[in-house]
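Asks: First, the structure itself, so that you have it in front of you.
All of the numbers you see were taken from the coordinates with simple rules; none came from a lab. Worth saying up front: this structure is predicted, and the values here are computed from it rather than measured. Backbone-built Cβ (ideal geometry, glycine too); neighbour counts: all protein chains shown.
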Amino acid sequence: MIGVVGGSGFVGSFLMKEINSRGAFIYDKRPSPFFNDQTTIGNVLDKTLLNQFVTGKESIVLLAAEHRDDVSPTSLYYDVNVEGTRNVLEAMDKQGVKHLIFTSSVAIYGLNKENPDEEHPENPFNHYGKSKWLAEELIKVWYEKDPLNKSVTIIRPTVIFGERNRGNVYNLLKQIASGRFLMIGSGKNKKSMAYVGNVVSFIKHLLTNKSSGFQVFNYVDKPDFNMTELVRVIEKKMNISIPEQNIPYWIGMLGGYAFDFLAFFRKKKTSISSVRVKKFCATTQFDARKVHSTFSAPFTLQEGLERTLEHEFINPQKDEVLFYSE
């Protein structure tokens, strides 16, 4: 049996559709919109309930995380992402579960790095990245206590997009698809992305082809598009034309700070912030040769984008389940 901790969300729901026939069960603080009869409602901070859930499982996929870039208080990143991981590992030890797949993040490398591979030094720039790095360190210690019997795979995905997700990529696609998009910066910064269908296929591959030892993989769908290339792909699929003028970076950042002040004054989150402008204009490109040397993704990046655009904007579905993230 497989335990998916944090399986009610975006990635977890897609993963469950891939592995449900293999006897998979969810542990999450929210009900699952698709697999509620296979879901235990619980928090990763509840050691007793977590221990009960882990009982009888052969493998654990740990997806649970605080990952939005506006979580408050920031201590939640460390409570859930670090202490929650510690609790899962303790429960696995108590129940003798030796096989772990953990979704970390390329956020541990920091911003504007030159195509880092899995050996690149960690330099996280925000609390999310720092908490994921600390969680990885816990997992390393856990593995090294019994390396002959334990198996760990850490996946560091870049930003994941796909149907039903309402994160930053969706907001970007929505702006471009509306035809009212204005580029901030040069548009030459490259953006590594990952389509959810490929990410869950990789996790399924790992569950099917269990290997011993400690492995780390960046997950990115290649080739990377720069922002201008991404706009052109969407223009072609949507049959629209986007204005070619660019807004200077410093003007974009001033606008982001204005929205920060507005959010603080109104006590209400906004879809634009200085952090999101900075992330938009940053180069977020990562080396994924290692994963693609062992795994063949079922979709190209362009196919993933086109499937998402088709589902969300060309033939949108009404009254469907949506996942809000980032």
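Asks: Would you grab the residues whose amide H sits under 5 Å from the one on VAL4? Only those 5+ places off in sequence or on another chain, please, with H modelled 1.01 Å from N.
Replies: Long-range HN contacts for VAL4: PHE25, ILE26, TYR27, VAL61.
Asks: Now for a different question. Specify whether the C-alpha gyration tensor of the stretch 197-323 places it in the rounded, prolate or oblate class, a ≥ b ≥ c being the square roots of the eigenvalues: rounded for a/c under 1.5, otherwise prolate if a/b is larger than b/c and oblate if not.
Replies: Judged from the Cα gyration tensor, the stretch 197-323 comes out prolate (a/c at least 1.5, a/b above b/c).
Asks: While we're on this one: Given a Förster radius of 22 Å and the C-beta distance between GLN52 and GLU90 as r, what FRET efficiency does 1/(1 + (r/R0)^6) yield to the nearest 0.05?
Replies: My answer for the efficiency is 0.95.
Asks: Relative to the longest principal axis of the C-alpha atoms of the chain, give the angle of the C-alpha long axis of helix 10-19, reported between 0 and 90° and rounded to the nearest 10°.
Replies: Taking Cα atoms only, the helix is inclined about 50 degrees.
Asks: So, by mean Cβ neighbours within 10 angstrom, what's the order for 173-182, 54-63, 141-150, 273-282 with the highest one leading?
Replies: Listed from highest to lowest mean packing, they are 54-63, 273-282, 173-182, 141-150.
Asks: Now for a different question. Among ALA263, VAL216, GLN285, which residue has its Cα positioned farthest towards the positive end of the charge dipole of the chain, with +1 placed on the Cβ of Lys and Arg, -1 on the Cβ of Asp and Glu, and the dipole taken about the Cα centre?
Replies: Toward the positive end, the furthest listed residue is ALA263.
Asks: Which is farthest toward the positive dipole end of the chain among PRO147, ASN115, PHE313, measuring Cα position about the Cα centre, with Cβ charges +1 (Lys, Arg) and -1 (Asp, Glu)?
Replies: Checked the options; the winner is PHE313.
Asks: Can you give me the C-alpha center-to-center distance between the stretch 211-227 and the stretch 274-289, rounded to a whole angstrom?
Replies: 15 Å
Asks: Which value results for Rg/Rh of the stretch 235-285 when Rg is the Cα radius of gyration and Rh the Kirkwood radius based on the inverse mean 1/r?
Replies: Rounded to two decimals, Rg over Rh is 1.10.
Asks: Something else: Between GLU235 and SER21, what is the label-point separation in nm under the 7 Å Cα-to-beta-carbon projection?
Replies: Label at SER21, label at GLU235, 4.3 nm between them.
Asks: Then there is this: What list of ³J(HN,Hα) couplings, whole Hz, do you get for the stretch 143-150 from phi and the Karplus terms 6.51, -1.76, 1.60, once you set θ to phi - 60° and write x for glycine and proline?
Replies: After applying 6.51 cos²θ - 1.76 cosθ + 1.60, I find 5, 5, 6, 8, x, 6, 10, 9 Hz.
Asks: To continue, here is another question. Could you list which residues have their amide H under 5 Å from that of MET183, counting only those 5 or more apart in sequence or on another chain, with H placed in the peptide plane?
Replies: Result for MET183 returns ILE247.
Asks: A further question on this structure: Multiplying the sequence separation of LYS269 and LEU138 by 0.36 nm and subtracting their Cα-Cα distance, what value in nm do you get?
Replies: Extra length from LYS269 to LEU138 when fully extended: 43.9 nm.
Asks: Would you kindly calculate the translational diffusion coefficient of the chain, applying Stokes-Einstein with the Kirkwood radius from alpha carbon pairs, for 10 °C and a viscosity of 1.306 mPa s, and quote it in µm² s⁻¹ without decimals?
Replies: 77 µm²/s
Asks: Rounded to the nearest 500 deg cm²/dmol, what is the calculated helix-only ellipticity per residue at 222 nm for the chain, with -39500 (n - 2.57) per DSSP H run of length n ≥ 4?
Replies: -11500 deg cm²/dmol
Asks: Please get the size of the charge dipole for the stretch 275-326, origin at its Cα centre, with Cβ charges of +1 on Lys and Arg and -1 on Asp and Glu, quoted in debye to the nearest 20.
Replies: Rounded to the nearest 20 debye, it is 400 debye.
Asks: Something else: To make sure I understand the rule: partners must be lysines, Cα under 26 Å from the Cα of LYS47, and not fewer than 8 residues away in the same chain. Which ones qualify?
Replies: Those lysines meeting the cut-off are LYS29, LYS57, LYS94, LYS98, LYS130, LYS132, LYS140, LYS145, LYS150.
Asks: Might you report the magnitude of the Cβ-based charge dipole of the stretch 19-177 about its Cα centre, with Lys and Arg at +1 and Asp and Glu at -1, to the nearest 20 debye?
Replies: Magnitude of the dipole: close to 400 debye.
Asks: Report the gain in length on full extension from TRP250 to ARG307: 0.36 nm times residue separation, minus Cα-Cα distance, nm rounded to one decimal.
Replies: 17.1 nm
Asks: Output wanted: per-residue J couplings in Hz (rounded whole) for the stretch 202-207, from phi through Karplus 6.51 cos²θ - 1.76 cosθ + 1.60, θ = phi - 60°, x for Gly and Pro.
Replies: 5, 4, 4, 4, 5, 5
Asks: Which peptide among 208-217, 297-306 comes first, and what is the full order, when sorted by highest mean count of other Cβ atoms within 10 Å?
Replies: In decreasing order of mean packing, 208-217, 297-306 become 297-306, 208-217.
Asks: Take the Cβ-Cβ distance between LEU45 and ASN123 as r, set R0 to 22 Å, and report the resulting FRET efficiency rounded to the nearest 0.05.
Replies: The formula returns an efficiency of 0.20 here.
Asks: Compute a Gaussian network model of the chain, connecting alpha carbons closer than 10 Å, and tell me which residue from MET16, MET193, MET253 fluctuates the most.
Replies: The residue with the greatest mean-square fluctuation here is MET253.
Asks: Taking square-rooted eigenvalues a ≥ b ≥ c of the alpha carbon gyration tensor, is the stretch 182-260 rounded, prolate or oblate, where a/c under 1.5 means rounded and, failing that, a/b exceeding b/c means prolate?
Replies: Prolate.
Asks: Next up: State whether the stretch 4-96 is rounded, prolate or oblate according to the following rule on the C-alpha gyration tensor (a ≥ b ≥ c being the square roots of its eigenvalues): a/c under 1.5 gives rounded; otherwise a/b larger than b/c gives prolate, and the remaining case gives oblate.
Replies: oblate
Asks: Check VAL216: other-chain or 5+ apart residues with amide H under 5 Å from its amide H, H built from backbone geometry?
Replies: ILE154
Asks: Now for a separate question. For the chain, set up a Gaussian network in which alpha carbons nearer than 10 Å are linked by springs, and say which option among TYR195, TYR170, TYR219 fluctuates the most.
Replies: For the chain, modelled as a Gaussian network with Cα springs under 10 Å, the answer is TYR170.
Asks: Can you tell me the order of 112-121, 36-45, 197-206 when each peptide is scored by its average per-residue count of other Cβ atoms within 10 angstrom, highest first?
Replies: In descending order of packing, they fall as 197-206, 36-45, 112-121.
Asks: If you place +1 on the Cβ of every Lys and Arg and -1 on the Cβ of every Asp and Glu, how big does the dipole about the Cα centre of the chain come out, in debye to the nearest 20?
Replies: Dipole of the chain, to the nearest 20 debye: 400 debye.
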